[in-house]
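Since every read-out is calculated from the coordinates, none of them should be taken as a lab result. No experiment lies behind these values; they were computed from the predicted model shown. With ideal geometry, Cβ positions are generated from the backbone for all residues, glycine too; neighbour counts draw on all protein chains shown.
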Amino acid sequence: MRRVYLDNNATTPVDPQVLDAMLPYFREKFGNAASRSHAFGWEAEEAVENARQQVAAVLGAEAKEIIWTSGASESNNIAIKGVAEKYAEKGRHIITQITEHKAVIDPCKYLEQHGCRVTFLPVDKYGRIDLQQLAAAIKDDTVLVSIMHGNNEIGTLQPVGEIGKLCKQRGVLFHTDGCQTFGKVPIDVNEMGIDLLSLSGHKIHGPKGVGALYVRRKRPRVICEAIIHGGGHERNMRSGTLNVPGIVGLGTAAELCRLHMDTEPARLAALRDRLWTALSSQLDNAILNGHATDRTPSNLNVSFAYVEGESLMMGINDIAVSSGSACTSASLEPSYVLKALGVGDELAHSSIRFSVGRFNTEADIDYTAERVVTAVRKLRAMSPLYEMAQEGVDLTKVEWAHP
Ligand SMILES: *Cc1c(COP(=O)(O)O)cnc(C)c1O
C-alpha cells in the first residue's frame, strides 16, 4: 500500500545525511564535550562548536549566542520563565498572543499563577496580531514580548521585523518561537530585532529531543535565569552533559536548510499550492484557513464544510495529516487556534492540516488530492446537511424538531 506523509509540521523524517553525520558520535567519537583533559572530549567539543556555528549561520547570529536544549518546548520555557525571573525587578508583565503553541501559552499561564501579569493579544481572521494593539499593550513594567514567527497549525506568519522594531523602541525584550520558520523562511535576528528565538531539530529533518535557543549577547546582552541547574553549561543558562550526536544532527540539518534556502522553500510552497489548486478546483465549500500568502511554505490548512475532519482522516488513512481537533490529542474540542480566528465550531471540526516536507513529491500531492476529493465527495453524498445546503436551504434558519 502506498503511504504518504503530509504531517511535516508535527515532525519530519531524519535526512539520511543528518543520520550519517550523527553516527560516529554514537560510536568512536563518544566523548563528553565538557571533558577538557583528553582528545575524546576535545573532539566532541569541536563537533558541538561546529554545530553552533551552523545553527547561528541560519539566523545571522554568532555561535556564542546559541544555547543547546532538549527541544523547542524547553527553549520556550527558558526564554519566558528565564527572562521573567531574571528581569523581575524591572517588571512583571509579559505580552503574548492566543494562537501560540502550548509550549509558550503554558509557561505564560504558569507565570500568571506566580505573580506575573500576562496579556494575551487577539488575532485577526488570518491569525495575525495588530501592531497598534501590541504598542498599546506595552507598559512600563513590560519585560518581554513573545510572538511566534510562523504558526504550526495555520501557517500564518507574524510581522516579526516590525514587532522587533517596536520592542527595541520601547526597551522590551522580544522572543519568537521560530520552530516552523527556522531554515524555511529567511531570518536575520539583527535586522528583525529578535532577542531570543526557539528552534527544534525534528521540524527540520533533524533528530527529536534536541533544540536550541538563540540568546542575544550584545545590544542588549540578554541573560535567562536557568531552569535546570548543575555544572553551569551553556553560559549558565542550561546545565547538563550535551547531547553531542543530537547536536551534530541539528547542526547538519540547519546547514542543509541553509545550503538549499534558495530553492527548497519555493519547492515546498509550489507543492502546497499544487495541492490547494487541485482541492479548491474540484470541491465546492473548501475553505483555506490562515493567510493566503503570508504563510509558511509547508502549511496548508483547509476546512471541508459538511464533512467531519476525523471521518475524512479515516477515509484517507494511507495519508498522514492532522485534523483541527487532533492537535490537543484526545480532546475533541475544536482547535483553539482556528477558534481564535473566528472559525465556527463546525468548520473547525472539518479542518485538515496538510504539511509538506523535503521528501514529498508532486506524485504524493496528486495522489493525495485524488484521495481527498473522492473521500469528501463520498462523505458529502451521505450528508443530509450537504444535500439541504445544495438545495439552497439556509441551515442557520432551520428549526430542528426535537424528539
Ligand atoms: C513543534 C513545535 C514546538 C515544540 O518543539 P519540541 O522540540 O517538540 O519541543 C514548539 N513550537 C512550535 C511552533 C512547534 O511547531
CD proxy, 222 nm, the chain: helix-only mean residue ellipticity via -39,500 (n - 2.57) per DSSP H run with n ≥ 4, per residue, nearest 500, stands at -11500 deg cm²/dmol
Ranking Ala266, Asn289, Thr277 by how far each Cα lies towards the positive end of the charge dipole of the stretch 217-316 (+1 on Lys and Arg Cβ, -1 on Asp and Glu Cβ), the top one is Ala266
For Lys29, counting only lysines whose alpha-carbon sits under 21 Å away and dropping same-chain residues fewer than eight positions off, the answer is Lys208
Once normalised by the length of the stretch 221-307, the mean sequence separation of its alpha carbon contacts under 8 Å that are 6 or more apart gives a contact order in percent of 17
Rounded to whole angstroms and listed largest first, the alpha-carbon spread of the stretch 21-100 along its three principal axes comes to 48, 27, 22
So the FRET efficiency between Lys208 and Asp318, C-beta based with R0 = 35 Å and rounded to 0.05, is 0.90
Length-normalised contact order of the stretch 2-121, Cα under 8 Å, at least 6 apart, in percent, tallies to 14
Given 237-244, 373-380, the highest-first ranking by average Cβ count within 10 Å works out to 237-244, 373-380
Largest fluctuation, Ala61, Ala292, Ala340 only, Gaussian network model of the chain with Cα springs under 10 angstrom, belongs to Ala292
Ordering 84-92, 298-306 by per-residue average of other C-beta atoms within 10 angstrom, highest first, gives 298-306, 84-92
Rounded to the nearest 5, the percent of DSSP beta bridges in the chain running antiparallel is 55
Simple spin-label estimate for Lys218/Asp262, 7 Å along Cα→Cβ, in nm, reads 3.0
Contour minus Cα-Cα span, Glu346 to Glu46, at 0.36 nm per residue, comes to 102.6 nm
With x for Gly and Pro, the residue-by-residue ³J(HN,Hα) of the stretch 252-263, computed from phi through the Karplus equation 6.51 cos²θ - 1.76 cosθ + 1.60 at θ = phi - 60° and given in whole Hz, is 5, 4, 5, 4, 4, 4, 5, 5, 10, 4, 6, 10
Toy charge model, Lys and Arg Cβ at +1, Asp and Glu Cβ at -1: the chain dipole around Cα centroid in debye, rounded to 20, equals 980
Expected unfolding gain across Asp284-Ala135 under the 0.36 nm per residue rule, minus the alpha-carbon gap, is 49.6 nm
Scoring the chain by relative contact order with C-alpha pairs under 8 Å, at least six apart, yields a percentage of 21
Here Rg/Rh (Cα, Kirkwood) for the chain equals 1.01
In this structure, the FRET efficiency calculated for Ala63 and Leu385 from their beta-carbon separation, with R0 = 56 Å, to the nearest 0.05, is 0.45
Note: Glu310 to Ile98 extended length (0.36 nm per residue) minus current alpha-carbon separation gives 73.9 nm
The alpha-carbon center of the stretch 1-25 and that of the stretch 139-200 are separated, in whole Å, by 27
